[in-house]
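Shown next, in structure tokens, is the structure this report addresses.
Derivation of every value follows stated rules applied to the coordinates shown; laboratory data play no part. Computed from a predicted structure; not experimentally measured. Please note: Cβ atoms are built from the backbone with ideal geometry, for glycine as well, and neighbour counts cover all protein chains shown.
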């Protein structure tokens, strides 16, 4: 856990989050600035800065994040119509440097994004 990391603090319970799913390695909570009717963040419970670091260091935790994303989509009744996004780096929109997946759905999602 990184003491200054917002998502580490949510995982530890120090900062409240609207948790919608949790397993041994991942936690999912609603985004405070939603960009779609369903916008849930899925984070590994251990701190990894981005997707590449997570995949290289803890592939089992990456699998847990992917499973959690699918479970969130099912629980939110997205009926197989959702997007999972990982932003890496400030230039790509990452603002909290704890790897996290955005599960977005509940409306039509255009392409290309951004």
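As a test of the formula, what do you get for the chain when each DSSP H run with n ≥ 4 contributes -39,500 (n - 2.57) and the sum is divided by the residue count, at 222 nm and rounded to the nearest 500 deg cm²/dmol?
-8000 deg cm²/dmol
Which angle between 0 and 90 degrees, to the nearest 10, do you get for helix 59-75 versus the longest principal axis of the chain when only C-alpha atoms count?
40 degrees
Full extension from residue 30 to residue 88: what is 0.36 nm times the residue separation minus their Cα-Cα distance, to one decimal in nm?
Taking residue 30 through residue 88 to full extension adds about 18.9 nm, to one decimal.
Can you put 15, 10 in order, fewest other beta carbons within 10 Å first?
15, 10
May I ask you to order 2-8, 20-26 by the average number of other C-beta atoms within 10 Å around their residues, highest value first?
20-26, 2-8
Please report how far the C-alpha centroid of the stretch 1-37 lies from that of the stretch 56-93, rounded to the nearest whole angstrom.
13 Å
Which ordering of 11, 84 is given by a fewest-first count of other beta-carbon atoms within 10 Å?
Fewest-to-most Cβ neighbours within 10 Å comes out as 84, 11.
Report D for the stretch 1-104 in µm² per second (integer): Stokes-Einstein, Kirkwood Rh on Cα pairs, 10 °C, 1.306 mPa s.
After rounding, the answer is 117 µm²/s.
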